[in-house]
Every structure is written in C-alpha cells, then in structure tokens.
C-alpha cells in the first residue's frame with residue numbers, strides 16, 4: 001500500500017540519521033564533558049530506538065485479519081506511535097531534565113568545545129536530511145490546509161510522529177548550540193545545563209502533542225468530512241436508494257476505513273434487489289475510495305432511524 005511504503009521510507013531515513021547522530025554525539029560528550037551534548041546523545045539514542053519500534057509497528061499492522069482480530073491489525077500503528085510518545089517523554093525529556101539540573105547544581109567546564117561545534121554541525125545536516133524526507137511525505141497529503149490542520153486531520157501516525165520528533169531534534173540541536181556557545185563565551189558552564197532543560201521542555205511538549213493525537217486515533221477517529229461526503233454521494237446516487245440516513249466511519253489504519261450505512265431502499269425492491277444494490281454501492285465505493293476496506297449496510301427507513309436517535313444520544317451521553 002502506498003501509504004505504508006511512504007511511512008517506511010520516512011522511518012528508514014530517520015533511523016539512519018538518528019543512528020549516525022547518536023554515535024557522534026556520545027563521542028563528543030565523552031570527549032568534552034558537555035551536559036547539553038550528553039542530553040542530545042540520549043535524545044538521539046531514544047529516537048533510534050523509536051525508529052525500530054515504529055518499523056515493528058508497521059510490520060505488526062500489516063498482518064492479515066484472523067478469527068481473533070476480524071478487522072485486522074491496522075491500529076497497531078497507533079499503539080506503537082503512542083508508545084514512542086511515552087518514551088520521548090519519559091526517557092528523552094526525563095534524562096535531559098535530570099542532566100540539566102545536575103549540571104546547574106554542579107557546573108563543570110567543558111573541554112574542547114570546538115569538537116561540540118563540529119558534531120552539532122554534522123548532526124544538524126543528518127537530522128535536516130531525515131526531516132526533509134518526512135516533511136515531503138507529510139506535505140504530499142497537505143492539500144489546501146494549514147500544517148497544523150493537516151496534523152490534526154492526518155491518520156498516518158507514523159509520518160507525523162517522525163516529523164514531530166525530527167523537528168524536536170533540530171530545535172534541540174539549536175538549544176544545545178546556544179548553550180555551548182554561551183557557556184564558552186561567558187565562561188559560565190551553568191548555561192550548558194540550562195540548555196539541557198530547554199531541550200527537555202521541547203521533548204516534553206512534542207511527546208504530549210504526539211500522545212494526544214495518537215490517543216484519538218487509537219480510540220477510533222472518523223474519516224474526514226470530505227471522505228464521508230463522498231461515501232454518502234456514491235450511495236445516494238444509486239437508482240434503488242431512496243435516502244441514505246446516516247454514514248458512520250472509523251479508521252482502522254491510515255488507509256483502512258470501516259464504513260456503516262443506514263439506507264432506505266425503494267419500496268418495490270425484493271431481498272434479491274437489495275443485495276444487488278448493496279453490491280453496486282460497494283463496487284463503486286471501492287473504485288472511488290480504495291481505503292474503504294469494510295462496508296456494512298443496514299436497510300432502515302428514515303422513520304426507524306429517527307426513532308433510534310434519542311436512544312443512541314442517551315447512550316453516548318452516559
């Protein structure tokens with residue numbers, strides 16, 4: 001599937017970039033004693049592990065449906081994205097905050113700051129490359145919407161997770177650079193610790209944003225209004241459909257939508273006619289929307305549907 005192919009490309013790019021950055025940052029931290037560089041090294045190590053988890057999630061989500069999971073495993077993508085958000089918060093932000101506080105309470109002058117500058121420059125190039133790969137994939141789905149709106153509408157948690165984490169990486173590198181420069185320029189090693197705390201705040205904000213979005217997808221989000229309107233139009237256009245009462249959708253994965261329709265058919269239709277009508281609707285939907293992988297149609301008059309709404313509303317409000 002195209003979406004998963006794009007997600008895999010984004011994750012591989014991020015994984016390669018993070019692995020290279022991790023090795024260079026830890027080497028520089030050991031050589032210079034920089035707290036901000038050590039925080040950045042831990043940050044990149046967490047990101048490398050996150051990339052492995054996301055690839056594992058893609059593999060798990062690609063398994064076919066079985067008797068235990070008749071709708072497939074697509075939502076494992078969202079589960080592993082949520083786990084990544086927790087790791088960014090607990091390990092990335094937590095360790096960076098600890099290192100920052102430790103270095104503020106017991107500041108130590110760094111040695112060979114030039115090494116840190118070289119490593120930060122190389123790291124920025126690696127991270128920028130991975131970020132561009134993720135950004136291009138994200139931009140491909142943007143359309144006329146703003147980037148924030150696209151993030152909220154996106155159902156591909158893998159791509160926006162990598163994009164957000166890489167954005168936090170780049171911002172963290174900027175804070176690390178500022179901390180090292182100011183600590184060296186003013187001979188105030190405590191500023192190196194302050195930079196680590198700033199990195200922790202960036203990671204915590206990123207993790208919370210990702211966790212909230214992944215939570216919504218994991219619980220189950222409806223398709224965007226345009227997709228629902230297209231499904232409604234296809235069903236309503238059939239000659240044997242009097243009225244489509246309602247369309248219910250839920251994403252089982254980025255490109256997997258379960259759809260339920262409440263349809264009032266023409267009175268003249270026999271059971272066989274209803275079956276043929278449903279087959280036509282399903283065939284047209286599959287040609288227009290390949291992401292509608294499961295379709296359920298309930299024959300229901302408008303009056304019956306309206307009678308059920310108060311009961312449904314009361315149940316939702318409980």
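Tabulated data
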read-out: Selection from the range 229-252 of residues that are surrounded by fewer than 17 Cβ atoms within 10 Å (Cβ to Cβ), part of a helix (DSSP H, G or I) and touching a strand residue (DSSP E or B) at 6+ places or on another chain (Cβ under 7 Å); value: 232, 236
read-out: So residue 86, is it part of a helix (DSSP H, G or I) and over 22 Å from residue 176 (Cβ atoms); value: yes
read-out: Which numbered condition residue 74 misses (of (1) in a helix (DSSP H, G or I); (2) under 21 Å from residue 154 (Cα atoms)); value: (1)
read-out: Boolean, residue 98 is free of Cβ contacts under 8 Å to residues at least 40 places away in the same chain and closer than 19 Å to residue 293 by Cβ; value: no
read-out: Inter-residue pairs, beta-carbon under 9 Å, first closer than 10 Å to residue 26 by Cα and in the range 40-58, second not in a helix (DSSP H, G or I), 6+ apart; value: 40/34
read-out: Test for residue 195: is it under 19 Å from residue 99 (Cα atoms) and either in contact with a strand residue (DSSP E or B) (Cβ under 6 Å, 6 or more places away or on another chain) or surrounded by 24 or more Cβ atoms within 10 Å (Cβ to Cβ) (or both); value: yes
read-out: Qualifying residue in the range 111-125 (condition: farther than 21 Å from residue 179 by Cα, in the same structural domain as residue 11 (by TED's automatic domain parsing) and in contact (Cβ under 8 Å) with a residue 60 or more places away in the chain); value: no
read-out: Exclusive hit being surrounded by fewer than 23 Cβ atoms within 10 Å (Cβ to Cβ), farther than 22 Å from residue 86 by Cα and either modelled with pLDDT of 90 or more or touching a strand residue (DSSP E or B) at 6+ places or on another chain (Cβ under 9 Å) (or both), set 171, 261, 178; value: 178
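The values are calculated or read from the model by the stated rules, or taken from the named source; none is laboratory data. As the structure is a computational prediction, the values presented were derived from the model and not from experiment. Cβ coordinates were reconstructed from backbone atoms using ideal geometry, including for glycine residues, and neighbour counts include every protein chain displayed.
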